[in-house]
Amino acid sequence: MNSLMKATKRGRRSLFRDLSKFNYLSSYTHAGRYYTIPEIPKFDKNGLWFFNSVGFTQAITLKSAVTNFVEEAKSGLTHSELQALLHTRAHNTLLGLVREKKIGREKVEKEYVYTSPHEKRASEQIVKRTAHATKSSDVKADTPDAITMEVLLELVYAGRVTVAPKTISKRLAIRSVMVSEQQIKQVYEQFGIDWSKKNPV
């Protein structure tokens, strides 16, 4: 807004009136301090669009986006998984939604899992989350082709050349694709992706 005010030499109120005609979107990151118009963003499969570190969502607000992600996740979502997806912390948003009873919360393996507010749906999510948590974490010597494809696809979805294995693992978990960091590192090595020297996200 400060940039717009400086460029147009106009006041905040008049600028907001003009922006409202274009159904502008406010960023869900950076305390909503950035703006765009609907024709510009190219939203990804999760309904998110990033301009550098600034994030926008088709759900309009962070609360709505988080509510939708939690409801649709097959095994619920942890805060770290949401953070990997949204590229921003969502602790306060999650706590607010839990208090408003718009999402649920349950502890699984020493970590809170956020679920649907509907009892039946939440039970299904927790059952799947528990099943994932109890699976063997052993890594085979050869990474299966299916896992290789999932990792490479997630790199494409992320829109960045280098993403830390831990982040990729969390993003895949959102889609109920359980891949360990070690398996992801094997894929990186296979394709010569040197993530450790390029400040990965």
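Results, tabulated for the structure shown:
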| read-out | value |
| --- | --- |
| Lone qualifier among Thr67, Thr57, Thr36, Thr78 - being at pLDDT 90 or above and touching an Asp or Glu at 6+ places or on another chain (Cβ under 6 Å) | Thr78 |
| Count of residues meeting criterion [farther than 25 Å from Ile103 by Cα and in a loop (DSSP other than H, G, I, E, B)] in the range 34-73 | 9 |
| Residue within the range 4-17 that is of a type in the set (S, T, N, Q), more than 19 Å from Ile174 (Cβ to Cβ), in contact with a helix residue (DSSP H, G or I) (Cβ under 8 Å, 6 or more places away or on another chain) and surrounded by fewer than 13 Cβ atoms within 10 Å (Cβ to Cβ) present | yes |
| Some residue of the range 82-101 being in contact with a helix residue (DSSP H, G or I) (Cβ under 9 Å, 6 or more places away or on another chain), on the phi > 0 side of the Ramachandran plot and modelled with pLDDT of 90 or more | no |
| Residues located in the range 23-33, provided they are surrounded by 13 or more Cβ atoms within 10 Å (Cβ to Cβ) and part of a loop (DSSP other than H, G, I, E, B) | Tyr24, Ser27, Tyr28, Thr29 |
| Residues (of a type outside the set (Gly, Ala, Ser), closer than 15 Å to Ala84 by Cα, at pLDDT 70 or above and not in a loop (DSSP other than H, G, I, E, B)) located in the range 144-173 | Val151, Pro165, Lys166, Thr167, Ile168, Lys170, Arg171, Leu172 |
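Here's the yes/no breakdown for (1) within 20 Å of the chain's Cα centre (by Cα); (2) at negative phi; (3) not basic (Lys, Arg):
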residue: Lys6; (1), (2), (3): no, yes, no
residue: Arg17; (1), (2), (3): no, yes, no
residue: Asn23; (1), (2), (3): no, no, yes
residue: His30; (1), (2), (3): yes, no, yes
residue: Pro38; (1), (2), (3): no, yes, yes
residue: Leu48; (1), (2), (3): yes, yes, yes
residue: Val54; (1), (2), (3): yes, yes, yes
residue: Ala73; (1), (2), (3): yes, yes, yes
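Yes/no per residue for (1) touching an Asp or Glu at 6+ places or on another chain (Cβ under 9 Å); (2) surrounded by fewer than 11 Cβ atoms within 10 Å (Cβ to Cβ); (3) farther than 16 Å from His79 by Cα; (4) modelled with pLDDT under 90:
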{"site": "Arg105", "(1), (2), (3), (4)": "no, no, no, no"}
{"site": "Glu111", "(1), (2), (3), (4)": "no, no, no, yes"}
{"site": "Tyr114", "(1), (2), (3), (4)": "yes, no, no, no"}
{"site": "Glu119", "(1), (2), (3), (4)": "no, yes, yes, no"}
{"site": "Ser123", "(1), (2), (3), (4)": "no, no, yes, no"}
{"site": "Ile126", "(1), (2), (3), (4)": "yes, no, no, no"}
{"site": "Ala131", "(1), (2), (3), (4)": "no, no, yes, yes"}
{"site": "Asp138", "(1), (2), (3), (4)": "no, yes, yes, yes"}
{"site": "Ala141", "(1), (2), (3), (4)": "no, yes, yes, yes"}
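The values are calculated or read from the model by the stated rules, or taken from the named source; none is laboratory data. Here the structure is a predicted model, which is why all the values come from computation and not from measurement. Reconstructed Cβ throughout: ideal geometry from the backbone, glycine too, with neighbour counts over all protein chains shown.
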